[in-house]
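Reading through the structure tokens given below for one structure.
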Amino acid sequence: QVQLEESGGGLVQPGGSLRLSCTPSGSIFSIYAMAWYRQPPGEQRELVAIVTSGGNTNYADSVKGRFTISRDSAKNTVFLQMSSLKPEDTAVYYCNYRTSRADYWGQGTQVTVSS
């Protein structure tokens, strides 16, 4: 079973930046979209950003202009560059790969924005 492995989370002060990465442990074929979700404490998981195989991107309104999703297609890796972080960005962040046969999820990485 292929796993998605996130990295890059941590504690950052408001206004700071972090870069999340997600890499599969093996081969995944026919990926049509890669996405980042987050789940704040006590809340439901929400879509943060998504990039399609064609390179189109979409963002939650709350992160537009601050977060950037990108991918390395050769390595099937997806990134989330987060800038101007706010305390309300505190959450567990999950990467998600969508294929025609299955969805893949990472275990999550904690991002805490606090002074």
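A few notes on this one:
- GNM remark for the chain: springs join alpha carbons under 10 Å apart, and the peak mean-square fluctuation among 29, 67, 79 falls on 29.
- When +1 charges are put on Lys and Arg Cβ atoms and -1 charges on Asp and Glu Cβ atoms, the dipole computed for the chain relative to its Cα centre reaches about 220 debye.
- Per residue, the convex hull spanned by the Cα atoms of the chain measures out at 95 cubic angstrom.
- All other residues whose Cβ lies under 13 angstrom from that of residue 77 are scored, Lys and Arg at +1 and Asp and Glu at -1, for a net of 0.
- Listed residues 19, 101, 45, most fluctuating in the chain (Gaussian network, C-alpha, under 10 Å): 101
- Comparing 91, 49, 102 in a Gaussian network model of the chain, where Cα atoms under 10 Å apart are tied by springs, the biggest mean-square fluctuation is seen for 102.
- Measuring nothing but how far apart in sequence close Cα pairs (under 8 Å, 6+ apart) lie, relative to its length, the chain scores a relative contact order of 37 percent.
- Contour minus Cα-Cα distance for residue 56 and residue 13 (0.36 nm per residue): 12.4 nm
- Note that the chain presents 54 Å² accessible area per residue, ligands and nucleic acids not counted, probe 1.4 Å.
- Rounded percent of accessible protein surface that carbon and sulfur make up, the chain, 1.4 Å probe: 43 percent
- Using C-alpha pairs below 8 Å separated by at least 6 residues, the relative contact order for segment 4-47 is 29 percent.
- Dipole of the chain, positive direction: furthest Cα of 25, 35, 56, with charges on the beta-carbon: 56
The values are calculated or read from the model by the stated rules, or taken from the named source; none is laboratory data. In this text, all values refer to a predicted model and were calculated from it rather than measured experimentally. So basically every Cβ, Gly included, is an ideal-geometry build from the backbone, and we count neighbours across all protein chains shown. Protein only, heavy atoms only, side chains kept; ligands, DNA and RNA dropped before computing areas. Shrake-Rupley method; radii C 1.70, N 1.55, O 1.52, S 1.80 Å.
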